[in-house]
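The values are calculated or read from the model by the stated rules, or taken from the named source; none is laboratory data. Not measured: the values here are computed from a predicted model. Counting neighbours? That spans all protein chains shown, and the Cβs are built from the backbone with ideal geometry, glycine included. We work out accessible area using only protein heavy atoms, side chains counted, and drop any ligands, DNA or RNA first. Shrake-Rupley method; radii C 1.70, N 1.55, O 1.52, S 1.80 Å.
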Amino acid sequence: MKKRSILLLISLLFCTFLQLLVELPQIHQTQVSHTESNFKGIWSNIIQVEKTSPNHETVSVAASGVSHSQISEKMDVAYKLFGIFPLSSGEVEVMSPIKLIPGGQSIGVTLQTKGVMVVGQAPVVDKNGKNSFPAKEAGIQVGDILLKIENQEVKTDQEVSNAINLAGKQKGSVNVLFKRQDQVVEKTVHPIFCVETGRYRMGLFVRDEAAGVGTLSFLDPVTNLYGALGHVITDADTNQKIEVYDGKIIASTIYAIEKGKRGHPGEKIGSFVPNSIFSGTIEKNTMTGIFGKMSGRIENPYFKEAIPVGWESEVKVGPAKIYTVIQGEKIEEFAVNIDRVMKNRTDSKNMIVRVTDPRLLEVTGGIIQGMSGSPIVQDGKLIGAVTHVFVNDSQRGYGVFIQNMLNDSSQLDKKQAA
């Protein structure tokens, strides 16, 4: 029995060794950095790596039209047992750390939707004084996105109104193409002549744009890609994600603070800066924020140069700093604590952030609306951004991993971000 156990143990060790031999390049790929050529941890004394023929080249770690440029070093490596016995050889690609400039600037956000969103139902009063809801009766609901009317694209509320009135005059009915979640639907609506407005209407409140104030999270100094807000922009009435047709961000100035309290989140009150020193396009509206290209001058007085990204595995419970504006356009640094880290989540609620800075607590009560997107820095690395406030505890809120924002901004390969 004892001999059989020994044989079994030897067999298991041999199988493990063979598996390790196959996976050596992958293991080394995830462990190596620009300044390291050996394994870290227990294997560093058992298996040593020799590198030859490094080849530096610029690569694009991205997809979806926006990229983060990095320096890549491809090298031939040889793996040796105890530095003597050859095991395997291959080529690995070593990525330099991604570096970003932390934001903190207060930004004004304006965007135009793809199509026109239905945000409410409104009765149409006919010539007999009767209230009717033509669109509702045809099956159009709040949250639907109007795409085409009579086979013509509509992008503004005025285009919708004019098309409905014209079709009502000409034939008494109108074909409406709209999007509901991921499904495109077509309905026929019979508009009614409204005696109050003197126009044919179908009984809808619609909106074609949105605006608000938030905070810039980061800027990539190589590509001018930015990320902001840390969460998706939704319509205020329907709570539906807004599909962006066009939009921009510019500087905003904060002139008042509504302090947060239990059961009532506070708010930054600001206005757009007419002659903004920077502006950016809005190309994506995602679960973890808005993204696009920036032009103009972006400055953070606390960071003269870009700093490394801290990946999910590096975020830890403990003190950190956030950067945001509470008066005018001045970025300030405030102390917070990461109370909890929730790894492996792909949404915008990856850590619980608690404000500990006495001055910020005095002025704002903690985390308030408009602070969304404020960058979080821990141990000299950009690890995330503030997203949501706890309604019943304004001192605390959620933060999103910067890794998840980068994934959404450019589909960054997770293996390269590990």
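Ranked highest first by the average count of other Cβ atoms within 10 Å around their residues, in what order do 165-177, 372-384 fall? Don't skip to the end; give the middle numbers.
On the way: 165-177: 17.1, 372-384: 24.5.
The peptides rank, most packed first, as 372-384, 165-177.
Test of understanding: extend the Cα→C-beta vector of Ala211 to 7 Å, then name every residue of region 241-264 with backbone N under 16 Å from that spot.
246-255
Using θ = phi - 60° and the Karplus form 6.51 cos²θ - 1.76 cosθ + 1.60, what ³J(HN,Hα) does each residue of region 199-215 get, whole Hz, x for Gly and Pro?
Karplus values, whole Hz, x for Gly and Pro: 9, 6, 9, 10, x, 10, 9, 10, 9, 10, 8, 9, 8, x, 10, x, 9.
Can you give the extra length, in nm with one decimal, that the chain gains between Glu153 and Ser173 once fully stretched, where that is 0.36 nm per residue apart less the Cα-Cα distance?
Values: separation 20, 0.36 × 20 = 7.20 nm, distance 1.72 nm.
Answer, rounded to one decimal: 5.5 nm.
Pick out, from Ile164, Ile140, Gly104, the residue whose Cα sits farthest towards the positive end of the charge dipole of region 98-169, with +1 on the Cβ of Lys and Arg and -1 on the Cβ of Asp and Glu.
The one lying farthest along the dipole's positive direction is Gly104.
Want the number for Thr197 to Val142: 0.36 nm per residue separation, take away the alpha-carbon distance, what's left? Intermediate values should be presented prior to the final figure.
Numbers: separation 55, 0.36 × 55 = 19.80 nm, distance 2.23 nm.
Gain on extension, Thr197 to Val142, equals 17.6 nm.
Send over a whole-number figure in Å² for the accessible area per residue of region 230-384, probe 1.4 Å.
Values: 7230 Å² over 155 residues.
On a per-residue basis, region 230-384 sits at 47 Å².
Once you put a point 7 Å from the Cα of Asn131 and another 7 Å from the Cα of Glu329, both along the Cβ direction, what distance in nm separates them?
A separation of 4.8 nm, rounded to one decimal place.
Taking N as the number of residues in region 139-185, what value does Rg over Cα atoms divided by 2.2 N^0.38 Å take?
Working it through for region 139-185, the quotient is 1.12.
Gly104's amide H: which non-local residues (gap 5+, or another chain) put their own amide H closer than 5 Å, with H modeled 1.01 Å from N in plane and none for Pro or chain starts?
Residues meeting the criterion, in which the H sits 1.01 Å from N, are Leu216, Ser217.
Using modelled backbone amide H atoms (1.01 Å from N, in-plane), which distant-in-sequence or interchain residues come within less than 5 Å of Lys284's amide H?
The answer is Phe291.
Farthest toward the dipole's positive end in region 242-282, which of Ile282, Pro265, Thr253, given Cβ charges of +1 (Lys, Arg) and -1 (Asp, Glu) about the Cα centre?
Pro265
From the phi angles alone, apply the Karplus equation (6.51, -1.76, 1.60; θ = phi - 60°) to region 114-119 and give each ³J(HN,Hα) in whole Hz, x where the residue is Gly or Pro.
For region 114-119, the Karplus curve yields 7, x, 10, 7, 7, 10 Hz.
Long-range amide H contacts for Glu243: which residues qualify at under 5 Å (H placed 1.01 Å from N, peptide plane, sequence gap of 5 or more or a different chain)?
Lys114
Please list 3J(HN,Hα) in residue order for region 121-132, calculated via the Karplus relation 6.51 cos²θ - 1.76 cosθ + 1.60 where θ = phi - 60°; whole Hz, with x for glycine and proline.
9, 9, x, 9, 8, 7, 5, 9, x, 8, 8, 10
Simple spin-label model, 7 Å along Cα-to-Cβ: Asp339 to Asn224 in nm?
Placing both labels 7 Å beyond Cα along the Cβ direction yields 4.1 nm.
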